[in-house]
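All of the numbers you see were taken from the coordinates with simple rules; none came from a lab. Bear in mind the structure is a predicted one, so any value in this text is a computation, not a measurement. Cβ placement follows ideal geometry from the backbone for every residue including glycine, while neighbour counts extend to all protein chains displayed.
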Amino acid sequence: MNVTQRPVEMAMPVPLRTFQAAFLALAYLCSGLLLAADPKSETQRGEKLLDAYLRRETQRLADACLSDVKTKEDWLRQRPELHRQFLEMLGLWPLPPRTDLKPVITGKIHTERFIVEKLHFQSMPGLYVMANLYVPKLTNYPAPAVVYVCGHGPTVVDGVPYGNKVTYHHHAIWFAEHGYACIVLDSLELGEIPGVHHGTYRLHQWWWQTVGYTPAGVECWNAMRAIDYLQSRIEVDPKRIGVTGRSGGGATSWWVGAADERVGCIIPVAGIADLQAHVVAGVAPRYRQGVVSGHCDCMYFNNTYRWDFPTVAALCAPRPLLLGNSDADDIFPVPGYRRLADKVRRLYALLGASEKFALLETKGPHKDTPELRLGAYRWMNRWLTGNNAEVTEPERPRLTPAQLKVLDHRPDDAVNGVIQETFVKPAHPQLPESPAVARSWWEGQRQEWLQALPDKVFRGWPSSPPPLTLRATADVRKKGVRLRAFDFTSEENVDLRLWLLTADKVAKPRVVILTALDEPGWQEWLTELGPGFKDALQITQEPALRESIFTQNRQAMEAYRWAFAFVAPRGIGPSRWAEPENFEDIQIRRRFALLGQTLDGQRVWDVRRAAEALHGFSEMKSVPVWLQGKGQMAGIVLYAAIFEPEVARLDLWNPPASHREGPIFLNVRRILDMPQAVALALSKEIRIYVKDEAEARNWEWPVQLQKALGQDSLKIRIVGD
């Protein structure tokens, strides 16, 4: 490998020396002093930027949703590709193999009107689905069937999970007593073998987004395999199968209805609203900025193709679809489900199926109410049995958790708790061993990845960016150094600031080094400048000055004729909107994902625009631009450089070896990982600074490709801690 282990040469960009451990303690001390002001006052600018941006993007998606469907023919032409996209966004394209279900009935309960079979099956090897199948006694076979998918209502007794199938089993009793076979499924997180729904919500498992994993895909697949099981039963009419559920089960109901055309009747209850409600416009005070904070990850697909949610409901058309909602439901607010229903109703009318769509709106909060249940029963009867009579729900005795429990021990091969690791498999690109083959292969592979990244990963970037409108806002000279500030428009509603630092003694720089700052880097940089430059920095408190670093940077600019530029991408520094990784910040990052973006992905765009803005300075038009960043910001500047041909060099300090650690980009690991991204930038000079030999080995893939290509642009530098 091309690895050097020695002290960093003086030709390295000096400002990154301030990231070294020798200064970190002082930097954080100074940043603590800096943030002693009212925290809210330090985030108001960022909050305003964020709110305007999210509202504009949400409205953009709402306006586009189904807008090009003017006729029945339009829909029929678009539907196959939309269906494929939907499966992809659930992590189900191509569909997994329909492996042996290995169904096991562990016991039966006999009642006067029905039999309950306690069973489990494997929707894929080791992914156990616990279920109760209610088989009616007083009916004609084959009978219609219902898949009841459960919401977030766990039943736990003395620490033992019995599954949410227990909580909702009164629905199955009604169906069985009225001639339906009804299978009630435990959900992944709240079943007898608990899995995980809250990966991004509370466990900081942002890497889910990098492979396009969502537990919604698991829930949908489990229900699709439940349909497979029902169709194997002689008691079931395979052409009369419906799906329903409430809350989390309501969401799963429309996933399944949209994904699986075998479903003949779909009833999502308290599980549906549009993107605007989820991202920016809740009704209850605690959800005014969107109800996403009231929902776990199983409620959402990975929005690669930037849909608004009416498109999902539209995929159910023209099959019978009833939306059941309540008028005081905080997490599925009235405007959100009414807007959605209006768009879907129009499509059903185009298809000549108006009678097959209805919105049932009842009084009440987010609860399992008799009104919602009776409405669902009437709709299922109408479309699966042809019975339009009124329905009642007499009081019936409930079964006990112990009666309904499926397992007496956990199977040794169960993967429920770790299915997120394997449900969607990341790409593992293999480099051909032969240099000649690698050279030929790389030409086509590079183009394939460069096309896939904008389509699958960075689809949220503006297709028609607005003008940069570079505006000079400050010009401060102190101690032989000049700091100029320029505001620019990264994209609509996102105005950021770019700083240019030069030495008075240098008339024209030889190179300009653009540093993308993360939040610790921003706080540290302020102490490199001190209080004399406060007016250019959009800060209210005066930072302490580290005089020795200031002097070192000035001397470097003079000796090497360097200029330094700095940008703090959105949500950092002057536009900070929340403390990193607090609850508010987590929900903001989840909002970006609902829009088919990630925050890190949009920060790549910000760095690209900052690099472009540098060429707006007359004295910089012919000056080479270098980019540098540290940690996850190193990954962000790497991707900015891939898409900015005029960037001449990259200095990447301790970049993550995999996107599993960051930066977080939607779907990126389905295509490539950090080593392959470095390879995409081999046309530029690249320096990667790592701690030791072990970290250096992480970059063997692009080093080997470089050798095959006969290039020498990538250098690995071992610099220690």
Going toward the positive end of the dipole of region 78-420, with +1 on Lys and Arg Cβ and -1 on Asp and Glu Cβ, which of HIS409, LEU133, LEU399 do you reach last?
-> LEU133
Residue exposure sequence - ASP673, ASP297, ASP186 - by fewest surrounding Cβ within 10 Å | ASP673, ASP297, ASP186
Per DSSP H run of n ≥ 4, the term is -39500 (n - 2.57); total these for the chain, divide by its residue number, and report the mean residue ellipticity at 222 nm rounded to 500 deg cm²/dmol.
-> -11000 deg cm²/dmol
Cβ-defined net charge surrounding LEU666, 9 Å radius [Lys, Arg +1; Asp, Glu -1] | +2
If you place +1 on the Cβ of every Lys and Arg and -1 on the Cβ of every Asp and Glu, how big does the dipole about the Cα centre of the chain come out, in debye to the nearest 20?
-> 1000
Provide Rg and Dmax in Å for region 78-420, with only Cα atoms included in the calculation.
-> 18.7, 54
Region 90-114-region 667-683 distance, computed between alpha-carbon centres (Å) | 40
Given the pairs LYS72/LYS239; LYS478/LYS508; LYS48/LYS343; LYS102/LYS165; LYS165/LYS367; LYS630/LYS684, which are separated by over 27 angstrom at their Cα positions?
-> LYS48/LYS343
Would you please name the trypsin sites (Lys or Arg not before Pro) within region 572-676 that are DSSP coil residues with at most 14 other C-beta atoms within 10 Å of their C-beta?
-> LYS621
Full extension from GLU661 to GLN44: what is 0.36 nm times the residue separation minus their Cα-Cα distance, to one decimal in nm?
-> 219.2 nm
Got the relative contact order for region 78-420 handy, in percent, Cα pairs under 8 Å and 6 or more residues apart?
-> 19
Helix 370-384: angle to the longest alpha-carbon principal axis of the chain, degrees 0 to 90, nearest 10?
-> 70
Just going by the charge dipole of region 525-568, with Lys and Arg at +1 and Asp and Glu at -1 on Cβ, which of LEU545, PHE564, LEU526 is farthest out on the positive end?
-> PHE564
Angle in degrees between helix 547-560 and the longest Cα principal axis of the chain, rounded to the nearest 10 | 70
GLU542 and TRP93 label points (each 7 Å along its Cα→Cβ direction) are spaced in nm at 5.9
For helix 334-350, what angle does its Cα long axis make with the longest principal axis of the chain, in degrees from 0 to 90 and rounded to 10?
-> 70
Which whole-Hz couplings ³J(HN,Hα) result when phi for each residue of region 453-464 is put into the Karplus expression 6.51 cos²θ - 1.76 cosθ + 1.60, θ = phi - 60°, listed in order with x for Gly and Pro?
-> 4, x, 7, 10, 10, 10, 5, x, 5, x, 7, 10
For a label point 7 angstrom out from the Cα of PHE583 toward its Cβ, which stretches of region 324-341 have the backbone nitrogen within less than 16 Å?
-> 331
Cα-based reach from LYS479 at 12 Å (exclusive), listing aspartates and glutamates while leaving out same-chain residues under 8 positions away | ASP504, GLU547
Only one of the listed values, (i) 113, 64, 43; (ii) 95, 75, 66; (iii) 95, 56, 55, was derived from the coordinates as Cα extents along the principal axes in Å; which label is it?
-> (iii)
Measure out, as a whole number of angstrom, how far apart the alpha-carbon centroids of region 310-369 and region 501-530 sit.
-> 54
Mind giving me the FRET efficiency for GLU395 and LYS363? R0 is 22 Å, r the Cβ-Cβ distance, nearest 0.05 is fine.
-> 0.55
Cα pair distances of region 40-177 binned at 10 Å [whole percent] = 9, 20, 23, 21, 19, 7, 1
About its Cα centre, what dipole magnitude does region 78-420 give when the only charges are +1 on Lys and Arg Cβ and -1 on Asp and Glu Cβ, stated in debye to the nearest 20?
-> 540
Proxy exposure order for HIS615, HIS659 (fewest C-beta within 10 Å first) is HIS615, HIS659
Amide H neighbours of TYR689 under 5 Å, at least 5 residues apart or on other chains, H built in the peptide plane: list them.
-> LEU652, TRP653, ASN654, ARG717
Would you pull out the residues with amide H under 5 Å of THR362's amide H, same chain only if 5 or more places away, H placed 1.01 Å from N?
-> ASN325, SER326, ASP327
